[in-house]
Amino acid sequence: MHVTKSAYSLAPNDSVAPVAKEVSERIKIARTLCIFFMTFVHVQPGIAENVYDRDAGFFDIVYFILTRLMGLSSVSLLSIVSGYFIVSSLLKAGASPLFASKFKTLVVPLVAWNVLMLALLAAYGVMSGNWQDFPELNVGGLANALFAVTEWPLVVPLWFLRDLFVCCLFAPLLYLGLRRLPVATILLLVAFTLFGEDLYILQRPQLMLFFGLGMWLRIGRFSGEAIDRVATFLAIGLVVMAAIFLTIRIERILLSEMDETLRLTLDTLLRVTMAAGFWKLTELIRRSALSELFTRFEPYAFFLFCSHAILFNFAGIVFRRAFGNYGSDLFPITFFVLPCLAVIAAIIGLSVANRSAILVFLFNAGHRLRTRPVATMERASA
């Protein structure tokens, strides 16, 4: 049944302004930028010990910056962008059509890519006898492997799709809270960030905070200039947060051994300020010669996001045998080459899948490439 806006007791004049052309261009750049940096996080080091619990040489610092500071934190801006766009989708379509749409664009690729990974792991197990990464064949094991119910899925980065879908289910409630009691709602989201991990609502409770902040920016009708002013202020804070985290790394202080509330507070502050830093960077890129490159790749970004960890899982076996594990003098080759190969593979893979409506539906959220690839702004891929 179609749920109208009146079902949420929204004011009859509830609406949002169209996205400005400049903001639209920067969001396309942000998607490409954030997803590319995210790929570095999933290059497997090939060693059992914590890579951050080592004396920090030059490459160790570079690795820490690209993975812990930039790669992991890139999810925050993607979440904000998703919340920013969900408001217009909610007001235009209502809840039921929105939920159905997000199921097709988030849950379907979540399951499809994990099923593909399951098949590849089975084939690898048969050929090599190595079944270490194969999930337990019971209801709980398969539910987590495919849907990330209480643990990471087979394709680890895809927890984001699972969490984003849950955030979309909460979008009507978040909309009402942010419209009527914004401060109280944000405080509740902060509390959920700090104490909500054991509830299994989200794999990363922080995501709903960033999603809510994105909704708040749209509901509050913040102009691009106003958002930039806030981002500039937060980007200054990024310098402080980066210094804190680099000190933690150099001094070999393990985040996993910190007080949980302190760790989550520091991590959330880093992600908020890093989102601002990425946003400021999108403007520099937009005004540079790189702008067209980033914009043209954006339609492939979702496919890159879904596929890169699968490529790294199997290609990494070959690369680590050739160049060694983390700590080897040649490991930087693996670290920098695999993300570049993932970009190439995403372009080729989506170009092939684009010939089949079924493959596009399953593996690219139903978004087909156009002759001149210009992505729609309501793309589900964050």
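The values are calculated or read from the model by the stated rules, or taken from the named source; none is laboratory data. Remember, predicted model here, so these are calculated numbers, not experimental data. When we count neighbours, we look across all protein chains shown, and the Cβ atoms used for this are built from the backbone with ideal geometry, even at glycine. Note: areas computed on protein heavy atoms with side chains; ligands, DNA, RNA excluded. Shrake-Rupley method; radii C 1.70, N 1.55, O 1.52, S 1.80 Å.
Couple of notes before you dig in:
- Rg over Rh for region 53-209 works out to 1.04, both radii taken from alpha-carbon positions and Rh defined as the Kirkwood radius.
- Given the alternatives [x] 58, 27, 13; [y] 32, 25, 22; [z] 38, 23, 20, semi-axes √(5λ) of the Cα gyration tensor in Å as computed for this entry is given by [y].
- Charge tally around Ile236: other residues with Cβ under 15 Å, Lys/Arg +1 each, Asp/Glu -1 each, net +1.
- For region 235-382, alpha-carbon Rg relative to the globular expectation (2.2 N^0.38 Å, N residues): 1.30
- Charge tally for Leu284 (other residues, Cβ to Cβ under 14 Å; Lys, Arg +1; Asp, Glu -1): 0.
- Once you reduce region 166-207 and region 115-139 to the center of their Cα atoms, the two points are 36 Å from each other.
- Solvent-accessible surface of region 261-332, taken per residue with a 1.4 Å probe and all protein chains present: 42 Å².
- Using Cβ point charges alone (K and R +1, D and E -1), the dipole size of region 44-201 about the Cα centre works out to roughly 960 debye.
- Taken over region 299-354, the alpha-carbon convex hull comes to 71 cubic angstrom per residue.
- Normalised per residue, the accessible area of region 64-106 is 26 Å², obtained with a 1.4 Å probe and no contribution from ligands, DNA or RNA.
- Scattering profile of region 217-321 at q = 0.11, 0.24 Å⁻¹ [log10 I(q)/I(0), Debye over alpha-carbon scatterers]: -0.59, -1.11
- The helix-only estimate of mean residue ellipticity at 222 nm for the chain, built from DSSP H runs of length n ≥ 4 each weighted as -39500 (n - 2.57), is -22500 deg cm²/dmol after division by the residue total.
- Debye intensity ratio in log₁₀ form over the Cα atoms of region 39-146, taken at each q of 0.12, 0.20 Å⁻¹: -0.74, -1.11
- One quarter of the surface of the convex hull around the alpha-carbon atoms of region 118-273 equals 12.5 nm², the direction-averaged projected area.
- Rolling a 1.4 angstrom probe over region 147-191 with all protein chains present gives an accessible area of which 77% lies on carbon and sulfur atoms.
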